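One structure is given below, represented as structure tokens, and several questions about it will come after.
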Amino acid sequence: MCFWCLNALFLAETSKLNVPKLLLPYTTAAKVNFTLEAEEGCYKWQSSRVAAVLVEPVFVNGTPCSRSAVVSAFSTQPSRLASGIVAEEMVTGQVLRCSVVVDVICSIEIVSTTRELYLDDSPLELSVRALDQEGNTFSSLAGLTFQWSAVKDPETEAAPDSPDRVRFVWFADAEYSPPEYILNMEAEGKQGDLVLVSGLRSGPARLRVQIDEPGYKKVSAATVRLLILENILLSPPQDLYLLVGAHAYYRVWRRQQGRDTDVRLPSPEFRLQLQGQLVSEVGDPEQPVATIEQESVRVTAVQPGQASLVLHYSNIHMQAASQLPNCTIFVVEASFLSDVCCFCFFSSSQNIKIVHEIPVEYFDRLLSTENGSCFHVRTLQPGATAVRATLVSVTAQNGSVLSLSPPISHLQEVHIYSPIVMIPKVLAFPWQPNNGVYRYQIQVEGGSGNFTWSSSNLSVSTVTVKGAVLAGLELGTSVIRARDSQNPTHHGETTVYVLRPGFMQLAPQQADVVLGGTLDLPFTVLGLREPLGQEPLPFTDCSLLRLHLHPDRKGVFTLLHGRLHPGPEFCSGFRLEAVSPGHVLLTASSLPEQEPFSASATIATYGPLQPLVLEALVTPGSDQVLLFEGGPRPWILVPSRFYTELCPDSEQEGVRIVQLGQPEVQKNQHGYRVTCTSLGEEWLTFRIGNLPGVLNPHPAAEAVQVKLVCALPASLALSPLLQEPVPSQPCPILQHHRQTVPISSSRETVLELAAFDQHRTKFDNFSSLLIEWSSSNQTLLSLPAERGLETELRADEKGQLKMHGLQVFEPQRRTGSCTVTASFMSYRHGASDTSAGSAREPFHRDVSLPPTSASLELLLVKDVLLQQKSMTLFNHRDVLENLTLTQGSGHFLVRVVDREVVEVTMLEAKNIVQVSPLKPGSSLLYVYDLCLKSSEPAGVALHVSDISDFELEFIHNMEVNQPTPLNVRVLDSSRLPFHSRYFGLMELRVRTASSIVTVE
């Protein structure tokens, strides 16, 4: 631990800041930052003048340790302010200080590494240096906005187009890494204190920069004069070693947009001169080292020494160039050539003899010079190899052959690359007024992998260093070239066209789509080439092309935001969402100010395909109607190509399928009657769609599967069919599966028969079974001879239609108990279909069935009765009346029309309804029998009333001292007397008007 402390103390004491003083500019809009950094330790940062300078620590990987801080000028007044930054080490307490001054920028300068810029070369980086009033340089300008521009050079009156000789390049499109704040400013479309400049045409150019901040409008702009030079090359470019008497031919090349062209000499633009001729000690100072013949550009070695061969510009403005093409010519004796061997193989001298070693597996020699200095070969395969050349002799001017001993030899490595192939070969983009810029990334195959890019017409298209083509603003043609950095003559080309759109085609890949889905509608636009009459050219990308889209019916599709990305067969497209079923004719057309063109296509939507029956269970010989709805509709243009089919997945003939039509199926439904012919499971697949055609080459197709199970019934179940008056209150007897079920003794009873397999799954159809019915007491319940088992399709809780067998029984208006039994022993020989009037083929399979039956004990009862039809209740909280229910099943539901008048309580164990008054008024009370079919409710009218009047009945002539009866009647609101049992709650008092009569 002590060693760690000493080590930390040592590091902290030797730690330093990266700068001792800072000068930051005053600004009102942008915030100029500078990062202070310490070498070691963890520091706490403070500013002595927070109103002028703000310091924010930068923590390392989310820890509380900070070794750097961002210092920002935060002054609010344009005057010189000073502050101090103190960094205190958190462990040792060591203090590091930095002085910060905030001042106003008085002048700016442009700083560059060179003032010469070559065409087709890497861009030049220019930066701004700002100075205060005393000439001090500001430490940082990060975040300040500048306005860079190319202006006319007043020194070159003959060059009015000097602003067009350079262009500014975004760092994002270059292969250089600027500070992060520069990339952020470029993303906002701003320029900072650092820019890249690339040359477009040769000549002088002047650049101007000005601070684009509100507080610095009066600061003078800075300018710099650049010289844009062509790439002029000498061939051979390297220093030349010649033997006395030998000669060499020179050529001048101009490299423009990646292509080398020969400059014929003599030329009005250039001239070659031999300068600085130095004769060796043994030479003749009166004679030149070498001579040059201007017509043939041949240099002849005269005597040992050296001379400089310099290419001069004839233009006076270009003579200021410091890097003129030049080379040095050394004239030497042969004894000094042992170390110089690379040139001889490529020399153009005719008086030398060179032998070579060229691998035949890589090169096929086509032509060669007599002296062996030049070979015309064809490469056979890519790879790396080596070529060796040996200079064996030189022929003097007198014809004598001078052999070299030892001979001069050189081994040259050669890399052979595959041809450069650019994909695609042709790019085409549409042009329209106020057009956007298209961007396309060219793919390159072959070559070394490192390329330089160029464009033959920068007004039509430009290309970044990464091969991204930008075009679309100007009409015209341009050629994009990618040259191999290892060999500039090895290149590939892509032609870029920017044309007016003239034709259009809508090509939906799929013309119908399900509701809620999206449909892609690609389109192809062709451009018009000039002169007219040439074949139109399909555009590579037209996603920015503005078009009108008009449907003949609204509400079928909605247009989604955005366009489709270009594909191999189309340049863009629309994306639509299906919102309602139907079809629509969609027309896309050009804008009014453009050349007229349009295209139309028919598209459609359909509902989702779904089966109404997912799984069906039937007995052998029975059938099931399978219904499907939704799915693709017949194609409106060619409805004959529409198809539907239902096929079993297995090859066994276990089912028989018959397609149904109207009126058996509804509109937009597809129905099939499937008959079970053998036991087992069968998966059936329903397919629907349209066959492919010219107008709909990729139609939608849907498929869905359903399961049909053909099995033997294992059990039967009987239950009465009730018409429940209140769906929320079913018969409790059926819910608890009690053995005895009450039925009406006065109305027909319908018993429902259901069949189940061994898994207690209910059969959907069992009409092929022969059912026998019996009643244990014909005097109570009998089976009508003319009415057999009827079938009815009814939806279950899942919405699937199930067959229900219904049998009617007639009661004899007597009460009592009776047992009904249903049993089957065999199949019908000609089972009828579930639909009336249709017949099926008999089931011929020999299937044995175990005897199966179901019984139900029935209790025949009369309808429920109430003791009275109406009742008047005295409006008092202690009044409670009982209504006794007689007859019926014993399971009732009580409903009151107006619950604010009376309160009702049902005592189920005693079949008593208790009624108590709430307020004066009238209401109706109904009692429903939950377990009797079509039972009319028993009702009673309830009246709640206060005392309305009184009636007294007595003998008007009474005998003295003899009692006489007095009858009192209390009347309700209907002037009917209340029952006497309410008198105790009324607190009645009889008073006499005279003392001659007393009331006891």
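The values are calculated or read from the model by the stated rules, or taken from the named source; none is laboratory data. Keep in mind it's a predicted model, so treat the numbers as computed, not measured. Note that each Cβ is placed from the backbone with ideal geometry, even for glycine, and that neighbours are counted across all protein chains shown. Surface areas here come from the heavy atoms of the whole protein model, side chains and all, with no ligands, DNA or RNA. Shrake-Rupley method; radii C 1.70, N 1.55, O 1.52, S 1.80 Å.
Along segment 975-980, what does the Karplus equation 6.51 cos²θ - 1.76 cosθ + 1.60 (θ = phi - 60°) give for ³J(HN,Hα), rounded to whole Hz, x for Gly and Pro?
6, 10, x, 6, 5, 5
Quick one: Karplus J couplings for segment 266-279, per residue in order, coefficients 6.51, -1.76, 1.60, θ = phi - 60°, nearest Hz, x for Gly and Pro?
x, 9, x, 8, 9, 8, 9, 9, 9, 10, x, 6, 10, 8
Name the residues whose placed amide hydrogens come within less than 5 Å of the amide hydrogen of V302, ignoring near sequence neighbours (fewer than 5 apart) on the same chain.
G245, A290, T291
How much of the accessible area of the chain, in percent, comes from carbon and sulfur atoms when a 1.4 Å probe is used? Display every interim value, and only then the final one.
On the way: 26840 of 53120 Å².
After summing per-atom areas, the C and S share lands at 51 percent.
Could you point to the label whose value was computed as Rg/Rh (Cα atoms, Kirkwood Rh) for the structure here, given (i) 1.27; (ii) 1.02; (iii) 1.07?
So the calculated entry is the one marked (i).
Would you mind computing, in nm to one decimal, how far apart the modelled labels at S678 and Q778 are, each placed 7 Å from Cα along Cα→Cβ?
If labels sit at S678 and Q778, their model points lie 4.6 nm apart.
While we're looking at this one, here's another question. Using θ = phi - 60° and the Karplus curve 6.51 cos²θ - 1.76 cosθ + 1.60, what whole-Hz ³J(HN,Hα) does each residue of segment 164-173 get, with Gly and Pro shown as x?
Per-residue couplings from phi come out as 8, 8, 9, 9, 8, 10, 6, 4, 5, 9 Hz.
Ok, one more. For L278, L226, give the ranking by accessible area with the largest first, probe 1.4 Å.
Result, largest first: L278, L226.
Once every DSSP H run of n ≥ 4 in the chain is given -39500 (n - 2.57) and the sum is divided by its residues, what mean residue ellipticity at 222 nm do you get, rounded to the nearest 500 deg cm²/dmol?
The helix-only estimate for the chain comes to -500 deg cm²/dmol at 222 nm.
In nm, what is the difference between 0.36 nm times the number of residues separating V86 and R546 and their Cα-Cα distance?
Between V86 and R546, full extension yields 159.6 nm more.
Sequence gap at least 6, Cα distance under 8 Å: using those rules, report the relative contact order of segment 61-165 to the nearest whole percent.
16
Can you figure out the FRET efficiency of A909 with L612, using R₀ = 51 Å and their beta-carbon distance, to the nearest 0.05?
That gives a FRET efficiency of 0.65.
Now a separate question. So what is the relative contact order of the chain, in percent, for Cα pairs below 8 Å that sit 6 or more residues apart?
Answer for the chain is 5 percent.
If I take R0 = 30 Å and measure r between the Cβ atoms of K217 and S459 in this structure, what FRET efficiency does the formula 1/(1 + (r/R0)^6) give, to the nearest 0.05? Working shown, then result.
On the way: r = 33 Å, r/R0 = 1.11.
Working from the Cβ atoms, E equals 0.35.
Another one. Given R₀ = 35 Å, what would the calculated FRET efficiency be for D173 paired with E530, taking r from the Cβ atoms and rounding to 0.05?
For R0 = 35 Å, the calculated efficiency reads 0.70.
On to the next question. Taking amide H positions as placed 1.01 Å from N in the peptide plane, with prolines and chain starts having none, which residues 5 or more places from T145, or on another chain, fall under 5 Å of its amide H?
Counting only residues 5 or more places away or on other chains, the set is D212.
Under 1.5 on a/c is rounded, so check that first for segment 44-98, then, if it is not, pick prolate when a/b is larger than b/c and oblate when it is not; a ≥ b ≥ c are the square roots of the alpha carbon gyration tensor eigenvalues.
Oblate is the answer for segment 44-98, as a/c is 1.5 or above yet b/c matches or exceeds a/b.
Using a 1.4 angstrom probe, figure out how much accessible area segment 30-129 has per residue, in square angstrom, rounded to the nearest whole.
On a per-residue basis, 50 Å².
Under a 5 Å amide H to amide H cut-off, with H placed in plane at 1.01 Å, what residues pair with V655 once short-range neighbours are removed?
Under 5 Å from the amide H of V655 lie the amide H atoms of T677, each far enough along the sequence or on another chain.
Okay, moving on. Points 7 angstrom from Cα along the Cβ direction at V658 and V968: gap in nanometres?
8.5
With the crude spin-label approximation of a point 7 Å out along Cα→Cβ, what separation in nm comes out for S267 versus L537?
Once both label points are built, they end up 3.0 nm from each other.
Could you give the length gained by full extension between K425 and S823, i.e. 0.36 nm per residue of separation minus their alpha carbon distance, to one decimal place?
Full extension from K425 to S823 adds 134.9 nm.
With a 1.4 Å probe and all protein chains left in place, how much accessible area per residue does segment 377-490 have, in Å²?
Normalised by residue count, the accessible surface of segment 377-490 is 51 Å².
Follow-up. Pulled fully out, how much extra length does the chain show between Q147 and L952, if you take 0.36 nm times their separation in residues and subtract their Cα-Cα distance?
278.2 nm
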